[in-house]
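Asker: The structure under discussion is supplied below as structure tokens; questions concerning it will follow.
The values are calculated or read from the model by the stated rules, or taken from the named source; none is laboratory data. Everything numeric here is computed off the predicted structure, so don't read it as measured data. Neighbour counts run over all protein chains shown; Cβ positions are idealised from the backbone, glycine included. Surface areas here come from the heavy atoms of the whole protein model, side chains and all, with no ligands, DNA or RNA. Shrake-Rupley method; radii C 1.70, N 1.55, O 1.52, S 1.80 Å.
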Amino acid sequence: MAKDKLLFTPGPLTTSRTVKEAMLHDVGSRDDEFIAMVRDIRRQLLELGGVSQTSGYEAVLVQGSGTFGVESVLSSAIPADGKALILVNGAYGERMVQMTARYGIATEVLRWAENEVTDPSAVEAKLKADSSITHVIIVHCETTTGIMNPVETIGPMVQAAGKTFIVDAMSSFGAIPLNLAEAGVDYLISSANKCIEGVPGFSFVLARKSKLDTCKGQARTLSLDLHAQWAGLEGNGQFRYTPPTHTLLAFAQALKELADEGGVKGRGARYLANHNALKAGMQKLGFIPYLAPEVQSYIITAFHYPGDANFHFEEFYRRLSQRGMVIYPGKLGHVDCFRMGNIGRMQPADIAALLVALEGVLKEMSVAIPVAKPKR
Ligand SMILES: *Cc1c(COP(=O)(O)O)cnc(C)c1O
């Protein structure tokens, strides 16, 4: 079989051979071993968030991609008379606004430009001005740009105001440390195929038990009912509907490899090395990063299109893909950018290979880039 392309994307990601090999088994969803494995996965996920069942948190696995997990929380956690405040500085924040609109949930939105972090003082002022807000919702790393939002500052503020705090930590969980209890997080959502380096198939929700209890009978859908899903997993240990058994086998192996790498810290260090190699190499070629360095995460990096008229993204993408390197288009409202992920089973040497391929492609396309100015 031909060598797989390297995925410099925000997911699905390049995974290890051993994670893929873990799927070479068929397991019964009611089998004791499988049920024990699922329990262990749930326990380990809480541990990664610095919490446990004893400290009042629960892990719920939800079939589907990451969006299904977000939708499960938003459609289950906010009561009919509740009101959401959604903090938006990118496409994933906007997606959650679409969700609450779909459910007819009263919603307030605070928006920032895609290169600006969410501002805690604006959130505090909004909570003071509108006491009817019940839930505050934020994206940890907005994968649209790779910007990091100050979850650890906003969370305790939301908690002090007596509101529920929901965090989409899809692209950060497992690689950027976050202690749920300290950050005042009531619900955190992430998925199998991002920084934990599993394969796609399910999302997971880490929820404060006292809040999860209030979701009972409140969900707007059957299959995404977060409380019912938890009750199933906690009761007989089973998923309510067909579980992604192979994905779970792969995930158990991925968690082992995360621990072997030194946990969240070790993984974060590798991703940071990837990001630094990418940024240095791209800047040397003349590319300009979209974000200011102080707000840029080591998860994914957006770069401006070069100014040369010979640059066409589709062709650039295709030629890179032919060389085994898959990058990602931009998702920005007003600026032409493309993105490169630093996450997945990837080393700085792979980044170096990407940069060599990229330089070759630019030559083929006769794209000249002026050397980037040191400051934006
Ligand atoms: C990837 C991602 C999602 C959605 O994940 P899907 O698996 O594509 O449904 C949501 N939020 C953020 C921040 C993400 O990075």
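Asker: Identify all residues within the range 35-66 that are out of contact with any strand residue (DSSP E or B) (no Cβ under 8 Å at 6 or more places or on another chain) and surrounded by fewer than 20 Cβ atoms within 10 Å (Cβ to Cβ); write none if there are none.
Answerer: Ile35, Ala36, Met37, Arg39, Asp40, Gln44, Glu47, Gly50, Ser52, Gln53, Thr54, Ser55
Asker: Considering only the range 20-50, state which residues are within 26 Å of the chain's Cα centre (by Cα) and not in a helix (DSSP H, G or I).
Answerer: Ala22, Met23, Gly49, Gly50
Asker: Inside the range 67-108, can you point out the residues that are touching a residue at least 60 places away in the same chain (Cβ under 8 Å), more than 20 Å from Val205 (Cα to Cα) and in contact with a Phe, Trp or Tyr (Cβ under 8 Å, 6 or more places away or on another chain)?
Answerer: The answer is Asn89, and nothing else.
Asker: I've got another one for you. Quick one: which residue in Gly268, Gly307, Gly281 is more than 21 Å from Met170 (Cα to Cα), small (Gly, Ala, Ser) and assigned to a helix (DSSP H, G or I)? Give the steps one after another, and end with the answer.
Answerer: Values: Gly268 fails: more than 21 Å from Met170 (Cα to Cα); Gly307 fails: assigned to a helix (DSSP H, G or I).
One residue alone meets the criteria, Gly281.
Asker: Could you please let me know if Glu124 is open to solvent by 50 Å² or more (accessible area, probe 1.4 Å) and within 16 Å of the ligand (Cβ to nearest atom)?
Answerer: In short, no.
Asker: Quick check on my filter: what residues within the range 209-232 are surrounded by 22 or more Cβ atoms within 10 Å (Cβ to Cβ) and touching a strand residue (DSSP E or B) at 6+ places or on another chain (Cβ under 9 Å)? So that I can check it myself, show each step before the final result.
Answerer: Let us first name the residues in the range 209-232 that are surrounded by 22 or more Cβ atoms within 10 Å (Cβ to Cβ), namely 212, 215, 225-226, 229-230.
Matches in the range 209-232: Leu212, Cys215, Leu226, Gln229, Trp230.
Asker: May I ask you to verify whether Val151 is in contact (Cβ under 8 Å) with a residue 12 or more places away in the chain, under 17 Å from Ala84 (Cβ atoms) and either within 16 Å of the ligand (Cβ to nearest atom) or open to solvent by 10 Å² or more (accessible area, probe 1.4 Å) (or both)?
Answerer: Answer is yes for this residue.
Asker: Among the residues of the range 69-95, which ones are farther than 22 Å from Gly333 by Cα, of a type in the set (A, V, I, L, M, F, W, C) and part of a helix (DSSP H, G or I)?
Answerer: Restricting attention to the range 69-95, the residues satisfying the condition of being farther than 22 Å from Gly333 by Cα are 69-84.
If we keep only those that are of a type in the set (A, V, I, L, M, F, W, C) as well, we get 70, 73-74, 77-78, 80, 84.
Answer for the range 69-95, where residues must be farther than 22 Å from Gly333 by Cα, of a type in the set (A, V, I, L, M, F, W, C) and part of a helix (DSSP H, G or I): Val70, Val73, Leu74, Ala77.
Asker: Test Lys363 against the criterion of being in contact (Cβ under 8 Å) with a residue 60 or more places away in the chain and open to solvent by 70 Å² or more (accessible area, probe 1.4 Å), and give yes or no.
Answerer: For Lys363, the condition - in contact (Cβ under 8 Å) with a residue 60 or more places away in the chain and open to solvent by 70 Å² or more (accessible area, probe 1.4 Å) - is not met.
Asker: Here is a further query. Please state which one of Leu13, Leu24, Leu74 is within 16 Å of the ligand (Cβ to nearest atom) and either open to solvent by 40 Å² or more (accessible area, probe 1.4 Å) or more than 22 Å from Asp260 (Cα to Cα) (or both).
Answerer: Of Leu13, Leu24, Leu74, the one residue that is within 16 Å of the ligand (Cβ to nearest atom) and either open to solvent by 40 Å² or more (accessible area, probe 1.4 Å) or more than 22 Å from Asp260 (Cα to Cα) (or both) is Leu74.
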